[in-house]
1. His120 passes all but one of (1) surrounded by fewer than 18 Cβ atoms within 10 Å (Cβ to Cβ); (2) modelled with pLDDT of 95 or more; which number fails?
2. Scanning for something buried (at least 23 other Cβ atoms within 10 Å of the Cβ), of a type in the set (Gly, Ala, Ser) and touching a residue at least 40 places away in the same chain (Cβ under 8 Å), does the stretch 185-201 turn up at least one residue?
3. Spot the failing condition for Thr254; the list is (1) at pLDDT 95 or above; (2) buried (at least 18 other Cβ atoms within 10 Å of the Cβ); (3) of a type in the set (S, T, N, Q), and only one is missed.
4. Of everything in the stretch 13-32 that's touching a Leu at 6+ places or on another chain (Cβ under 7 Å) and open to solvent by 10 Å² or more (accessible area, probe 1.4 Å), which residue is farthest from Ala196 (Cα to Cα)?
5. Return the pairs, sorted by first residue and then second, in which the second residue is open to solvent by 20 Å² or more (accessible area, probe 1.4 Å) and acidic (Asp, Glu), the first residue lies in the stretch 29-52 and is under 24 Å from Ala147 (Cβ atoms), the beta carbons are less than 7 Å apart, and the residues are 6+ apart or on different chains.
6. Run Tyr88 past the list (1) open to solvent by 20 Å² or more (accessible area, probe 1.4 Å); (2) in contact (Cβ under 8 Å) with a residue 40 or more places away in the chain; (3) of a type in the set (Phe, Trp, Tyr) and report the number of the one that doesn't hold.
7. Where residues in the stretch 202-214 are in contact (Cβ under 8 Å) with a residue 60 or more places away in the chain and hydrophobic (A, V, I, L, M, F, W, C), which of them is farthest from Ala147 (Cα to Cα)?
Amino acid sequence: MEQRHLGRTGLRVSRIGLGTLTWGRDTDEHDAADQLKAFWDAGGTLVDTADVYGGGEAERLLGRLLDNLVPRQDLVVATKAGSVPDPYRRFDGSRGHLLAALDASLRRLGTDYVDLWQIHAFDPVTPLDETLQALDLAVSSGRVRYAGVSNFSGWQLAKAATWQLAAPGLRTRLACTQMEYSLLQRGVEREVLPAALDLGVGLLPSSPLGRGVLTGKYRTGTPSGSRGASEQLAPFVEPYLDEAAGRIVDAVATAADGLATTPLQVALAWVRDRPGVVAPVVGARNAQQLTEALSVEALSLPDEICQALDDVSAPVHRYPDQDWSTL
């Protein structure tokens, strides 16, 4: 699998990442092992998790598989901290919480460092410089090799990345931002992606298959066993089952028919090769699903297909976006 630099850093990662959102909850250890082995065999390196996935079970499960199944040094292990199970405060970006969360993640993962550590979301009640100092302390202590953020808006990302760049050698450069990005969700193109491109921050798209909708499996209803049929995850899928999304899914399916491939591969290839994208993070129920996603490595979409998909999924961007002079 092709390797790409993560932002303006020396770290290289596979251009498809393996997500572990369901590990320890819907994905048991056997299926997780099959996925990790298939991913590694295909040349994949970036494995993405978080301290809250499965209440910590995703990290524990991954930790048991490290070395026992796949050599630790062959993987780029990425985790996140900052989300908290508190209905009154969803995110805690305080230095104390973040560093304690990192230590807990390292224990669950059974390793003394993570390759990439990301702030899971912006905390509006903690000073941003305090949050970012936790990244600096984690890197300087050797517990973290590279740092990034997740779910930051455009101005939040620009402020954070600029702050870190203001003291080179003292503050660690932000390597990446992880954001939802797909043909069904192109909101990052408004301000986040331009900021990331300008500041040398790589983009790791989450939900690159539109929460599973872009695979086309919901075109004739909600299949049993799918996320959309799950009581817990149905609200997550439902926003992408409207008429506008249906038109985009139909276009993806038409493109797939013309290329003799699958809608999954078309949708994944489109986002993988967008400007600024480093590695879409793909989650799968089993190794068979993951193997289909990994087979996208051989696919590059023709320019005319990309343009057609761009047109059918184009978001409405009005003033004061970057090119407003003709309005």
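The values are calculated or read from the model by the stated rules, or taken from the named source; none is laboratory data. For clarity, every value in this text was computed on a predicted model and none was experimentally measured. Backbone-built Cβ (ideal geometry, glycine too); neighbour counts: all protein chains shown. All accessible areas refer to the heavy atoms of the entire protein, side chains included, with ligands and DNA or RNA removed. Shrake-Rupley method; radii C 1.70, N 1.55, O 1.52, S 1.80 Å.
1. (1)
2. yes
3. Result: Thr254 fails condition (2) only.
4. Across the stretch 13-32, the extreme among qualifying residues is Glu29.
5. The qualifying pairs are Thr45/Asp74.
6. In the conditions (1) open to solvent by 20 Å² or more (accessible area, probe 1.4 Å); (2) in contact (Cβ under 8 Å) with a residue 40 or more places away in the chain; (3) of a type in the set (Phe, Trp, Tyr), Tyr88 misses (2) alone.
7. Residues of the stretch 202-214 in contact (Cβ under 8 Å) with a residue 60 or more places away in the chain: 202-206, 208-209.
If we keep only those that are hydrophobic (A, V, I, L, M, F, W, C) too, we end up with 203-204, 209.
Working: Leu203: 13, Leu204: 13, Leu209: 25 Å.
Among those that are in contact (Cβ under 8 Å) with a residue 60 or more places away in the chain and hydrophobic (A, V, I, L, M, F, W, C), it is Leu209.
Here is a yes/no grid of residues against (1) in contact with a Gly (Cβ under 9 Å, 6 or more places away or on another chain); (2) on the phi > 0 side of the Ramachandran plot; (3) open to solvent by 30 Å² or more (accessible area, probe 1.4 Å); (4) in a loop (DSSP other than H, G, I, E, B):
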residue	(1), (2), (3), (4)
Pro239	no, no, yes, no
Ala244	no, no, yes, no
Gly258	no, no, yes, no
Leu264	yes, no, no, no
Trp270	no, no, no, no
Ala284	yes, no, no, yes
Glu297	yes, no, yes, no
